[in-house]
Amino acid sequence: MDFSRVFNEAMPLLLDGLKLTALVSLASIAIGMIIGLFICLMKMSKNVVPRAIAGVYIWIIRGTPMLVQALIIFLGVPQLIQVVIPSFRFDAVTAGIITLSLNAGAYLAEIYRGGIMAVPKGQSEAARSLGLSKSKTMRKVILPQAFKFSVPSLVNQFIITIKDTSILTVIGMAEVVNKAQQYVGSTFVYFETYSIVALMYLAIISLLMLLSNHIEKKLKYEGKK
Amino acid sequence: MSNTNKSDEKIVVTNLHKYFEDNEVLKGVDAVIHEGEVVCVIGPSGSGKSTFLRCLNKLEELTSGKIIVDGYDITDKKVNINKVRENIGMVFQQFNLFPNMTVKKNIMMAPVELKKMKPLEAEKKAMQLLERVGLADKASAYPGELSGGQQQRVAIARALAMNPDIMLFDEPTSALDPEMVGEVLDVMKELAKEGMTMVVVTHEMGFAREVSDRVLFMADGGIKEEGTPEQIFGNPQNERTQDFLKKVL
């Protein structure tokens with residue numbers, strides 16, 4: 001066992017990678033939450049067109065591996081665009097964020113929808129009977145409550161997104177696993193290096209879980225009953 | 001109140017039909033509610049009472065017929081139903097308070113959101129209304145901390161915050177423990193005394209008899225009989241009414 005060697009030699013490299021992991025995770029979760037909201041509202045629309053678009057989107061994302069999606073976005077899509085703009089390329093980080101956001105968006109849409117459907121029908125009836133429009137009812141009454149119902153599943157999806165950043169090593173995005181691979185390629189200290197990487201993920205995700213417990217406690221408003 | 005003067009008609013329902021899929025729950029209902037009138041709708045379960053009430057503010061889309069509220073034909077797609085609803089308060093069996101807002105915020109929400117009042121003014125109004133239903137000390141409590149009777153009184157205050165001139169009550173005491181029915185009915189009696197136009201679907205025959213100006217008896221998706229409480233409870237003419245009252249009184 002030679003942990004001290006890895007600490008000395010690889011830590012700057014790994015921390016560099018971890019920074020990118022965190023950055024890409026945060027960006028993808030933020031963008032994914034917005035995509036998810038739109039897709040969710042489209043899926044719940046009365047109109048068949050947005051409903052169908054959202055349905056196809058969720059179907060494709062859920063029905064294909066993220067690894068394949070990443071390859072299509074990073075290598076395949078630029079080829080198509082190059083027909084019009086010959087010099088077009090994605091860098092790995094952009095392609096990675098696009099892949100993860102699209103992915104998270106599809107799953108988050110379903111999580112939001114579950115949350116919205118968990119809000120009793122009487123809530124929207126009460127708001128509508130006061131004269132609130134459909135969209136105001138959604139924003140002021142339904143979504144805040146739906147959000148509360150969704151928190152555990154949201155956190156679960158955030159965790160999955162953070163871990164999925166490691167898949168993006170295949171498109172050469174220099175996140176923490178990619179950096180670790182670079183290091184072990186020349187030193188062959190597999191166990192120590194990958195254990196440290198695993199602990200880094202564990203640390204980030206533990207922090208997230210602590211935060212979510214805190215949020216859940218804060219959102220508790222039901223009082224005695 | 002037997003005034004039939006056209007100008008004081010608040011709600012006019014003509015030949016109202018409502019289907020849920022193939023099931024016809026309202027089979028041509030005609031009714032007129034006058035200004036300041038308290039009308040109780042009674043009848044057996046499944047007679048269409050609640051559906052009838054919910055059609056009056058279009059929470060339920062009617063299948064055919066015509067409903068005119070405050071002079072607006074709410075069956076006309078061009079009429080902005082949200083505007084009409086601001087004038088019709090509704091109280092539900094299950095209270096339906098917003099659990100994530102305090103009692104005060106529940107009441108302030110609509111007036112502030114619909115830009116009828118500034119927040120400070122809405123807060124003052126909310127406190128007045130809470131005073132009126134005897135719950136001023138609960139202003140910063142959450143609905144989950146209140147008893148059923150208290151929640152329903154807050155729900156009445158919330159419905160009144162938009163200064164409606166019609167109030168609809170959908171079995172407001174049916175979900176309450178018996179000892180809490182009285183406090184809710186008392187608030188409703190006060191409202192009636194102040195001249196509010198009220199349509200009340202209820203199983204509280206005592207309330208219907210004591211407070212209403214007119215009683216509608218519904219069965220099988222239609223109004224079978226209507227009259228003053230004295231007529232309906234003292235000398236019912238329709239066989240269905242007689243049968244129903246024999247069972248509930």
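Computed from the coordinates by the stated procedures, all read-outs in this text should not be read as laboratory data. Predicted, not measured: the structure shown is a model, and the values here were computed from it. For neighbour counting, all protein chains shown are included, and Cβ atoms are generated from backbone atoms with ideal geometry for every residue, glycine included.
Averaging Cα coordinates gives a centre for the range B:150-192 and one for the range B:210-249; these two points are 23 Å apart. Treating the angle as unsigned and between 0 and 90°, give the value, to the nearest 10°, between the Cα long axis of helix A:48-63 and the longest Cα principal axis of chain A. Here the helix axis deviates by roughly 30 degrees. Partners of B:K125 within straight-line reach, counting lysines whose Cα lies under 19 Å from its Cα and excluding those fewer than 8 residues away in the same chain: B:K104, B:K105, B:K115, B:K116, B:K138.
The distance linking the range B:16-48 with the range A:186-225 is 57 Å (Cα centroid to Cα centroid, whole angstrom). Computed on chain A, with alpha-carbon pairs under 8 angstrom and 6+ residues apart, the relative contact order is 31 percent. Between helix B:239-248 and chain B there is an angle of about 40 degrees, using the helix long axis and the longest principal axis of the Cα atoms. Across the range A:191-205, coupling constants 3J(HN,Hα) worked out from phi with the 6.51/-1.76/1.60 Karplus curve, θ = phi - 60°, read 4, 4, 4, 6, 5, 4, 4, 4, 5, 4, 4, 4, 5, 4, 6 Hz, and Gly and Pro carry x.
Once chain B is represented by equal point scatterers at the alpha-carbon sites, with solvent omitted, what log10 I(q)/I(0) does the Debye formula produce at q = 0.08, 0.16, 0.17 Å⁻¹? Debye curve over Cα of chain B, log10 I(q)/I(0) at q = 0.08, 0.16, 0.17 Å⁻¹: -0.30, -1.21, -1.34. What angle, in degrees between 0 and 90 and rounded to the nearest 10, separates the Cα long axis of helix B:178-193 from the longest principal axis of the Cα atoms of chain B? Compared with the principal axis, the helix lies near 90 degrees.
Here, the range B:107-249 has an Rg and a Dmax of 17.5, 55 Å when only alpha carbons are counted.
For A:V119, no residue 5 or more places off, or on another chain, has a built amide H under 5 Å of its own. Pairs to check: A:K148/B:K124; B:K18/B:K58; B:K27/B:K58. Give those whose C-alpha atoms are more than 21 Å from each other in this structure. Exceeds cut-off: A:K148/B:K124.
With contacts taken as Cα pairs under 8 Å at a separation of at least 6 residues, chain B carries a relative contact order of 26 percent.
In order along the range A:128-137, the Karplus-derived 3J(HN,Hα) couplings, from 6.51 cos²θ - 1.76 cosθ + 1.60 at θ = phi - 60°, round to 5, 5, 7, x, 6, 6, 4, 6, 5, 4 Hz, and Gly and Pro are given as x. State which stretch of chain B is the longest one without any exposed GluC sites (Glu not before Pro), exposure meaning a DSSP loop state and at most 13 other Cβ atoms within 10 Å. In short, B:62-193. An oblate overall shape is assigned to the range A:3-224, the ratio a/c of its alpha-carbon gyration tensor axes (a ≥ b ≥ c) being 1.5 or greater and a/b not exceeding b/c. Here's how it looks for B:I223: its modeled amide H is under 5 Å from those of B:D30, which are all 5 or more places away or on a different chain. Projection of the Cα convex hull of the protein assembly as shown, averaged over all directions and equal to a quarter of that hull's surface, yields 30.7 nm². Once backbone amide H atoms are built at 1.01 Å from N, B:M198 has B:E37, B:V38, B:V39, B:M167 as its partners under 5 Å, excluding neighbours fewer than 5 places away on the same chain.
What's the longest piece of chain B with no exposed trypsin sites (Lys or Arg not before Pro), counting a site as exposed if DSSP puts it in a loop and it has at most 14 other beta carbons within 10 Å? It works out to B:116-249.
For chain A, modelled as a Gaussian network with Cα springs under 10 Å, which listed residue fluctuates most, A:V83, A:V93, A:V56? Taking springs between Cα atoms under 10 Å, the residue moving most is A:V83. Within the listed set B:L26, B:L114, B:L16, the residue fluctuating most in the Gaussian network model of chain B (springs between alpha-carbon atoms under 10 angstrom) is B:L114. Residue by residue, the range B:154-164 carries 3J(HN,Hα) couplings of 5, 4, 5, 4, 4, 5, 7, 5, 8, 6, x Hz when phi is fed to the Karplus relation 6.51 cos²θ - 1.76 cosθ + 1.60 (θ = phi - 60°); x denotes Gly or Pro.
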